Amino acid sequence: MKSELPKTPDRWSLTSWFTACGAPDYVAFKSALIADIESMGHRPALCEDDCGEIAKAVALYETLVDRVGHLSAFLGCLSADDAKDELVKSEEAWVSTLDAELSKRKASLQSTLAAIPETSFKQLLNEPLLAGASYAVGRMREEGRRQMTCDLESLAADLNVNGLHAWGRLYDTLSGKMEFSMLFPDGHTEIVPMARRRALMSEPDRHLREASFYAGQKPWNDHADTLAAGLNGIAGTRLQLYDRRGIDHFLTPALFDGALSRKSLEAMLEAIYDTLEFSHRALRTAARLQKTSALHFFDLEAPQIAVPETKAYSWDEATATVDRLFSAAYPRLGEYFRSMLRQQWIEAQPRPGKRPGAFCTGSQIRHEERIYMTWHGTVHDMVTLAHEAGHAWHSCVLRPARSFAANYPMTLAETASNFGEMILLDGFHADPDITPETKAYLLDQEMLRAHAYLVNIPMRYEFERAFYTERAAGEVSVSRLCELMTAAQEKLYGDTLLADGKDPMFWASKMHFFITGVSFYNFPYVFGYLLSQALFARFKAEGSAFIPHYEAFLSATGSGTCEEVAFRTLGADLTTPEFWKNTLQTIVPAVEAYETLA
Ligand SMILES: [Zn+2]
């Protein structure tokens, strides 16, 4: 089996999607799509009791979303592959305007759905064209009920381009150009782009972290007023729109997007607070490993156990290892991984001009997935490969579902990827070929992840919640933003951070607070992390008998709320703190092993 695996990092093939950007098949696809989106806009107004026509319009909308998605996935792959390709860039900008057009069609469809009387709506869901789409159509109706009139929604969508999203773009431009002068521990001074700061703050050398933290604070402080205006602008616009849409609370839209109830969110947070002391043990152990009494903010993403000086893994070795560990634990996943390799669905070759990072994407039209990453031969890259393969498998399991039922929320998006990652890591622990040094390094990495999800991200949530509460009464000043940030860090970290170890400017330097597409870009990650821990714990306990439950769970992720999906397929009740407390218990052995290591 090993012989069929490639020796050099693969390049992917995208030709089953399009020959090339601008090729005749691409142009033809694009023209037909423009025409169909336009003609949908010219359809006569839908009559509220004409279920047949409404069903047709909803089903048409679904296919248009798939077609736009197919184009954007293709362009997204090309632009990651060559960040400088100008044709691709202009095509991407064009697709985003097309997407905005489609959003308007959606808004008008949603207001029709919202206006349908209950009995006719039940009848609509029985239309054969909408089989398997009840949940998605129900959500469209629910969203429609929280809409302003179509004219106002259309105005808001246009204004958001120049208002809400402009604040986000300003942040990207400003932070993208930031640089700072830094005195390196070896005595030389260098102008460092802000984009490098995070990598410097993840260096094993503490002096390097400290120097980059303090030198890197300057641009954030220099631009604090502009950044605070941006943050106030983003939150202010949202709060105003929520008010006009009759939305009762600023968390409601984020919870709706995550398909999660307030009760479950609160149950999860309660469990996190109740077991905070336990997460603190991981932080204290990290401090002990670096021989300080507590951590500084610049220590939080740093490895305490350096990458072992082993040889680099070849692509051949890496894919064979992932294949072997996947196949041993979960044969169907291993088989799927091999089929991805065979069909050239993975882009891994290091090449100049490639964008950093990794992602998984796919096409609902071709029912194919792709993985993007850059292979540098580290054990960390292997974990990334397993993570992205987990995402791809999730899409593969959902292939039989119609697109409406294959669209899962951000809360459930990371479960399959973490599951893939955990199969690999668990396999490593039991593997005699993996050295004890590498195992210790991996355990340290696992702890970094654990306190990031259980302490750092909840801290961001606390800050954002406090900020939105105060923003509702008016603009929040720079000094108040710093106070709220400091208070959130005190609340979550307690004495695990040094007295001078907090970062009051984190509200400015963390890009997530300035994302304009979604609000509260934090708790869904905590949720995904913990739920995947729960799933994997059951897999460990039940073995292959759990796989059908796992696949049922993945298949259901696009057709129910998080609570419904978890209850239906796993019998888990996400609304109780007990579920989350039990899940948090599954991390105990790793923390104890970490303490022993120190
Ligand atoms: Zn992921």
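Here, each number is a calculation from the coordinates, and none is a lab measurement. Note that the coordinates shown come from a computational prediction; the quantities given were computed from them, not determined experimentally. We place every Cβ from the backbone using ideal geometry, glycine too, and count neighbours over all the protein chains shown.
Over the alpha carbons of the stretch 64-191, what is the largest minus smallest coordinate on each principal axis, giving the biggest first in Å?
Result for the stretch 64-191: principal-axis Cα extents of 75, 29, 28 Å.
In terms of the Cα gyration tensor, with a ≥ b ≥ c the square roots of its eigenvalues, is the stretch 94-154 rounded because a/c is under 1.5, prolate because a/b exceeds b/c, or oblate?
Because a/c hits 1.5 or more and a/b fails to exceed b/c, the stretch 94-154 counts as oblate.
Show me the trypsin sites (Lys or Arg not before Pro) within the stretch 44-149 that DSSP assigns to loop and that have at most 10 other Cβ atoms within 10 Å of their Cβ.
Those satisfying the criteria are LYS84.
Cα atoms only, the chain: Rg and Dmax in Å?
Cα-based Rg and Dmax for the chain come out at 24.6, 76 Å.
Cα atoms only: what Rg and Dmax, in Å, come out for the stretch 314-363?
12.5, 37
Name the shape class, rounded, prolate or oblate, that the alpha-carbon gyration tensor gives for the stretch 399-474, where a ≥ b ≥ c are the square roots of its eigenvalues, rounded holds for a/c under 1.5, and otherwise prolate holds if a/b is larger than b/c and oblate otherwise.
Since a/c reaches 1.5 but b/c is at least a/b, the shape of the stretch 399-474 is classed as oblate.
Ratio of Rg to Rh for the stretch 401-536, alpha carbon only, Kirkwood?
1.06
How would you classify the stretch 130-186 from its alpha-carbon gyration tensor, with a ≥ b ≥ c the square roots of the eigenvalues: rounded for a/c under 1.5, else prolate if a/b is greater than b/c, otherwise oblate?
oblate
What is the antiparallel percent of DSSP beta bridges lying wholly in the chain, to the nearest 5?
Antiparallel bridges make up about 75 percent of those DSSP assigns within the chain.
Peptides 463-474, 520-531: what's the order by average Cβ count within 10 Å, highest mean first?
The most tightly packed comes first, giving 520-531, 463-474.
Considering Cα pairs under 8 angstrom that are at least six residues apart, work out the relative contact order of the chain and quote it in whole percent.
Relative contact order for the chain comes out at 20 percent.
Rounded to whole Å and sorted largest first, list the principal axis extents of the Cα atoms in the stretch 192-309.
Projected onto its principal axes, the Cα set of the stretch 192-309 covers 56, 38, 27 Å.
Putting +1 on Lys and Arg Cβ atoms and -1 on Asp and Glu Cβ atoms, find which of THR119, ALA157, ALA133 reaches farthest to the positive end of the dipole of the stretch 66-217.
My answer, from the dipole projection, is THR119.
Whole Å is fine, so just give me how far the alpha carbon centre of the stretch 164-240 lies from that of the stretch 281-321.
24
Rg over Rh of the stretch 1-122, using C-alpha atoms and the Kirkwood radius, what does it come to?
1.14
Give, rounded to the nearest 20 debye, the magnitude of the charge dipole that the chain has about its Cα centre when Lys and Arg contribute +1 at Cβ and Asp and Glu contribute -1 at Cβ.
It works out to roughly 240 debye.
Any idea what the relative contact order of the stretch 17-88 is, in percent, if you count C-alpha pairs under 8 Å spaced at least 6 apart?
Computed over the stretch 17-88, the figure is 35 percent.
Note down the relative contact order for the stretch 456-598 as a percent, whole number, built from C-alpha pairs under 8 angstrom at least six residues apart.
Here the relative contact order equals 19 percent.
Go ahead and estimate [θ] at 222 nm for the chain from helices alone: -39,500 (n - 2.57) per DSSP H run with n ≥ 4, summed, over the residue count, rounded to 500.
-20500 deg cm²/dmol
Can you give me the Rg/Rh ratio for the stretch 179-219, using Cα atoms for both radii and the Kirkwood formula for Rh?
We get a ratio of 0.90 for the stretch 179-219.
Under unit Cβ charges (Lys, Arg +1; Asp, Glu -1), what dipole magnitude, rounded to 20 debye, does the stretch 115-247 have relative to its Cα centre?
Roughly 300 debye, rounded to the nearest 20.
Cα centroid distance between the stretch 492-509 and the stretch 126-153, in Å?
Their Cα centres are 43 Å away from one another.
About the Cα centre of the stretch 88-160, how large is the charge dipole given +1 on each Lys and Arg Cβ and -1 on each Asp and Glu Cβ? Please answer in debye to the nearest 20.
The calculation lands at about 260 debye.
Output the pairs from LYS56/LYS104; LYS291/LYS502; LYS30/LYS84; LYS84/LYS177; LYS84/LYS439 with a Cα-Cα distance over 28 Å in this structure; if there are none, say none.
Cα-Cα > 28 Å for LYS84/LYS439; rest within.
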